[in-house]
Amino acid sequence: MIRAHCLICAGAGCISSGAHALKEALTAELKQRGLDNEIRIVETGCMGPCDLGPVMLVHPEGTFYQKVTALDVPKLVEEHFIKGRPYQPLLPKEAPTGAVVNTQRDFTFFAKQQKIVLENCGLIDPENIHEYIARDGYAALGKVLTSMKPEEVIAEIKASGLRGRGGAGFPTGVKWELTAKNPVKPHYVICNADEGDPGAFMNRAVLEGDPHKIIEGMAIGGYAMGANNGYIYIRAEYPLAVKRLQIAIQQAYELGLLGKNLFETGFDFDLELRIGAGAFVCGEETALMRSIEGRRGQPQPRPPFPAQRGLWGKPTNINNVETWATVPIIIRNGASWYGQFGTARTKGTKVFALAGKIRNTGLAEVPFGTTLRELIFDIGGGIPNGKKFKAVQTGGPSGGVIPAQYLDTPIEYETLQALGSIMGSGGMVVVDEDTCMVDFARFFLEFCCDESCGKCPPCRVGTRQLLNILERICSGEAELEDLDRLEELALMVKDASLCGLGQTAPNPVLTTLKYFRDEYLAHIVEKRCPARVCRDLLQFTIIEEKCVGCSVCARVCPVETIFKVGGQKKYYIVQDKCIHCGACLEACKFQAINKTSEGEGFIPPPRPAVLELPPGRKPTAVVTS
Amino acid sequence: MNATQTITLTINGKVCEGRAGQTILEVATANDIYIPTLCWMKDRSPWGGCRMCIVEVAGSPKVVPACATPAVAGSQITTNSPRLHNLRRMTLELLFSERNHICPICPMNKGDCGLQHQAYLHGVDSIRFPYLYPALPMDVSGRYFGLDHNRCILCTRCVRTCDEIEGVHTLDIANRGERNLIVVDMHATFGTSETCTSCGACVAACPTGALFDKAQTYRGKLHTCTVVKTTCPECPVGCGLAVYTRENRIVEVFGDPESPLCAGHLCRKGRYETWAEPRRRITQPMLRHNGELKPVSWDEALAHIRRVRDATPVWESVLLASPRLTNEAGQAIHRVADKLDRVGVWLAPNEGALVEAPEPLADVRRQLTEADAFILLGVQPSRDHGLIASYVRRGVRQRQARLIILNCRRSDLDRYADIAVREVSLERAFWAQVAEVLRDVQRPVLLYGTEAMTPIGVAVLERLLAVFEQKASGEAPALIGLPIGTNSIGLVAAGLEAVEDVGSWLDAKPVRYLHLVLGDDHTLGERWFEEKYRALMLETLDLLVVQASYESPLTAHAHVVLPACTWAEKTGTVTNFEGRTLPLKPVIPVRGQARDDAAIVEAVYA
């Protein structure tokens, strides 16, 4: 008789923080105490709060434990399963108040979310098709095949207002209709699971936590669009997702939910996995199709759109993982049910990956129209360490940054675009006051420059030239006219590039220029980095009063430019040789190192009359010409 | 979509007509509206990468590449606006800043560099971005051409040409972004490539100096050259050549885009071997005197021949000609045939049956471009008819045409073949397999060569035709015979005896006078010495006259050497494998005292 279920998150995040060790320890402990017949352990997909991992949910109470390690297991079992009370040390705390949270539904992180796409993630065993079926899985496919015409399916999707979750937000039903109505045969459907944005993992969560939902969605789409073949293009960097998809596809074939004559209706649908080789640009649909065809993954001009001429030159419909996963839910519950979530323009929910300087790093699904503030501060728990919020970057490496004054913007495709950013696939990188916005733009541009396929010069050379200008600004070598050149070139790359990669790559530059121009000017004119990040613009000095003369700084200094003050137990940094590496700052236990960026106005502390070699350092040979 | 349906759209305010299915660029060009291009190339798939042909379409915020965007009826297109000019100009600036595009030291600085041309058009007078100039390698390991990555703009014209025209896909791009590099095979070089056919089409396609012909490098501007269109002398396909000359020297050879079969594409032989290889030219008559060849005047040489001929009975006098001679030379030889015992043209083994009064072929280009199956029987297109090999590769790789290779030597085509058999057996199972491959084929083409004329070849051919007869659907195969000699067909038609086995032909009767009319054939000399005892036979002759353009082992044995014109100096015609008569036009003046083959023959037997 099973009296409790222990759901252990086996998403990639929790696995890397030790979920498997936890499961082994728990299994052993329960067995030892003879509870293995009463308590069942289930490995589930991602539950969301990845920063708290490994996480574990115990039903029926819904007690949510965080950061559970194998060492905690004996105590946890003792308290929870023997004594019947929550094990207090592992309960999460509410971010701002510090209040202890007992159950999952009381935790603001979960309470404010609306889980539709993620309904099964963290709840079912993704490697067991029966658990999916028990959650009404494949009912939508059955309904479609047995009681709906293809046109009715498309009409239902159109009525639901579902828009593509890959980033552009094109109405899914309209897109399906374009493919369905193309007389050229055969048709193909493709799932774009090449999620490559740094810091974004919403698709991975669905792939790992609820793979059947994608399979079901694609089969429904295949029926609606007259396609008997589907491909899931997934990146090789997601081995767990690949494995779970393979298991799911195999199980679906075994139960006759894929293959020939589904639900005895004569409809055939085959699904194949294609593994990407690690190029970011292959997330672009035309490059993705070329990659499936076995050719070099480079984008093609559109039109012709995939619905006109796609994979192998045939009409093809490509949707994102999240879009496909939403389809069965819409069919099951109806378009009007789905329409209750979201805003007038944009229906439904969206999964966001919260990353950066935020307390609750992880996944959150909210209805469209939720404000950035609610997402970042209520669900995300705000900024840790008492720092101030500075900006949030939405939409992946080529998204723009949105500063604090727009935090009350409701999240929608159009509103983000109006602010110069994009929805993208749903990445959210939060930055606090310690982040230099020039350096931030440089970082993401470097990513895009590196991932440019090289087909068109604006992206291939333009991003490199932009990056060079940003690097000059960060190192204090830029002049004011570089700023004009930066802006002009950024606009040109956006306008002239062939595909979405180049067309959006300058967004971080353009939005930081728009909202944080003063930081650029500080770098260029005053040679100062206000956030004290850009290494070449920093100065390190020793605060005399705090220095105890321990000599640690002098010993870690890689260029041996820290000397002992003659006759005192104090140290002094000679500025000309300092490379601003910050090793001394990290090593000093007495907060005696001061990191500043004062620009050209910087006056180092007066140099002591006598400088001695620190203990243990040999005199460096003086080079004379 | 009806391909002939006319559509109307507005370009720059001008109402333009086009056909449905055309791109914006095609409609604009047809209506005399210029759109700058760089990566676009006629007859190649559009790439849309260079961003020069971007245009604005009313109602769309994004610019689109005119080369790849279908023209839509009723659309309003702008091809020049300040925005477009600025984007194009900056794109050019970026290209110039990327790699080494310093014109004065570029082999392409001869007025036809696409990049330079666009820079002039767009007023690029300065580059506002720092030069990146990574140090990139050069590949000069190929025999005829080299690749300098430093001048490459990555337009992929070479890649697409190699893939879509020659059909070998030797070239492609490696790496991402700014590290993009054209690669030969998998990081091989032209010198070590196993797939490169050295056709040079990539060089002809390159808009900059990245791919360059070694012999042509730094030889000045092409547009100051004289261009003569003539016919390739290397094989019976008869591709059109556009020969560029300056100061009576050949500077470059390209395919003639108007030539019906080659449409501008050539094989290695036509593009390079016609002019680039180092042969030693004979420029004056020579007479053997005391064992050594000495230059003499034409009169002395002719007088000497006449003296010996007068002393030699006609029945012991023989003339043997190369299959490269023109029809006019062949007719001249035929006219003097009564002064000799026998006149023959030296063919390849089994070539005779192929060239004796063949039916003229029609529609060959259409057959080759539409074929859904190629059957090669006893023919080596990769070696002997490079252009035909490119058609076969294109068919197989682009249209998934079937390919069956029977009784042919090993070649690169084998790897595309459904069946490739060196020696066909007559087993039932084998022919069932052939029938299976050909089952759904509608428009087959059967290319056959000399080896199809052997008794075994004929048996195989009959068996093949039987397979087609038993097929339920599809046309009968188009039969295309491919001889080896450039003008074998024309010379046999002119009345020369087809000689396949020179040894027995010569041994049939005693010979004391032998006149070898080699013209500019440089292979026959070597073939002579491959024949048994021929070297010895030369010693028994009273007179050996060798009429040739180049020195060879045969001229070294001759009593009299007569200097003949090369293909580039001749006027005349040749008959190609289709039966078409193609003109040879003089490209450069006659060197030294050389004379046309027909004129020499007439002078010798006057």
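Roughly what % of DSSP beta bridges within the protein assembly as shown run antiparallel, to the nearest 5? DSSP beta bridges in the protein assembly as shown are roughly 55 percent antiparallel. For the range A:489-495, the Karplus equation 6.51 cos²θ - 1.76 cosθ + 1.60, evaluated at θ = phi - 60°, returns couplings of 5, 4, 5, 5, 4, 5, 7 Hz by residue, with Gly and Pro reported as x. For the range A:529-545, backbone phi angles converted through the Karplus equation (6.51, -1.76, 1.60; θ = phi - 60°) give residue-by-residue couplings of 9, x, 8, 6, 10, 5, 4, 5, 9, 9, 10, 10, 9, 9, 7, 4, 5 Hz, Gly and Pro being listed as x. DSSP beta bridges fully contained in chain B are about 50 percent antiparallel. Here the Debye sum runs over all C-alpha atoms of chain A as equal scatterers in vacuum, and log10 of I(q)/I(0) at q = 0.06, 0.07 Å⁻¹ comes out as -0.39, -0.53. The largest accessible area among B:Met286, A:Met492 belongs to the first residue in B:Met286, A:Met492, and the rest follow in falling order (1.4 Å probe, all chains). Distance between the C-alpha centres of the range A:571-586 and the range B:372-442: 74 Å, rounded to the whole angstrom.
Of interest is the spacing of the C-alpha centroids, which for the range A:248-285 and the range B:342-367 amounts to 56 Å. Largest accessible area first, the residues A:Trp337, B:Trp567 order themselves as A:Trp337, B:Trp567 under a 1.4 Å probe with ligands, DNA and RNA left out. Among A:Asp210, A:Asp72, A:Asp536, the sequence by solvent-accessible area, most first, with a 1.4 Å probe is A:Asp536, A:Asp72, A:Asp210. When the listed pairs A:Lys158/A:Lys213; A:Lys213/A:Lys350; A:Lys185/B:Lys42; A:Lys390/A:Lys570; A:Lys569/A:Lys595; A:Lys158/A:Lys455 are checked against a 27 Å cut-off, the alpha-carbon distance exceeds it for A:Lys185/B:Lys42; A:Lys390/A:Lys570; A:Lys158/A:Lys455. Bridgeable lysines around A:Lys67 (alpha carbons under 16 Å apart, same-chain partners fewer than 8 residues away excluded): A:Lys23, A:Lys75, A:Lys93. Under 5 Å between amide hydrogens, built in the peptide plane, is the criterion, and for B:Glu497 it picks out B:Val343, B:Gly344, B:Val345 among residues at least 5 positions away or on other chains.
Between A:Gly342 and A:Gly348, A:Phe368, the built amide H atoms are under 5 Å apart, and every one of these is 5 or more places off in sequence or on another chain. Using a 1.4 Å probe on the protein heavy atoms only, what accessible surface does B:Phe212 show? Give it in Å² to the nearest 10. Counting only protein heavy atoms, the figure is 30 Å².
Residues whose amide H comes within less than 5 Å of that of B:Thr573, counting only those at least five positions distant or on another chain, are B:Asn327, B:Glu328, B:Leu584 (H built at 1.01 Å from N in the peptide plane).
As a length-normalised measure over Cα pairs under 8 Å and 6 or more apart, the relative contact order of the range A:476-584 settles at 20 percent. Candidate cross-link partners of B:Lys570 among the lysines, defined by an alpha-carbon separation under 18 Å and a same-chain spacing of 8 or more, comprise B:Lys229, B:Lys585. As a ratio to 2.2 N^0.38 Å, the alpha-carbon radius of gyration for the range B:306-429 is 1.52.
The antiparallel fraction among DSSP beta bridges confined to chain A stands at about 55%. Rolled with a 1.4 Å probe across the full set of protein chains, the surface gives A:Phe170 an accessible area near 100 Å².
I need to check one value: relative contact order of chain B, counting alpha carbon pairs closer than 8 Å and at least 6 residues apart, in percent.
With pairs under 8 Å counted, the relative contact order is 13 percent.
Rounded to the nearest angstrom and listed largest first, the equivalent-ellipsoid semi-axes of chain B from its Cα gyration tensor are 49, 32, 21. Centre-to-centre separation between the Cα atoms of the range A:328-393 and those of the range A:38-102: 24 Å. From the Kirkwood radius over Cα pairs of the range A:414-454, Stokes-Einstein at 10 °C and 1.306 mPa s returns a whole-number translational diffusion coefficient of 131 µm²/s. Per residue, the average separation of C-alpha pairs within less than 8 Å and at least 6 apart gives the range A:129-338 a relative contact order of 31 percent. Its DSSP H runs of at least 4 residues, each contributing -39,500 (n - 2.57), put the calculated 222 nm mean residue ellipticity of chain A at -9500 deg cm²/dmol, to the nearest 500.
Per-residue ellipticity at 222 nm, computed for chain B from helices alone with -39500 (n - 2.57) per DSSP H run of at least four residues, works out to -7000 deg cm²/dmol.
Normalised size of the range A:350-441, defined as Cα radius of gyration per 2.2 N^0.38 Å with N residues, equals 0.95. A simple rule links phi to the HN-Hα coupling: the Karplus curve 6.51 cos²θ - 1.76 cosθ + 1.60 with θ = phi - 60°, which for the range B:583-589 gives x, 9, 10, x, 9, 10, x Hz, with x for Gly and Pro. Accessible area per residue for the protein assembly as shown is 40 Å², calculated with a 1.4 Å probe on protein heavy atoms, without ligands, DNA or RNA.
The values are calculated or read from the model by the stated rules, or taken from the named source; none is laboratory data. Keep in mind that what you see is a predicted model, and the values were worked out from it rather than measured. Each accessible area value is taken on the protein alone, full model and side chains, heavy atoms only, with ligands, DNA and RNA left out. Shrake-Rupley method; radii C 1.70, N 1.55, O 1.52, S 1.80 Å.
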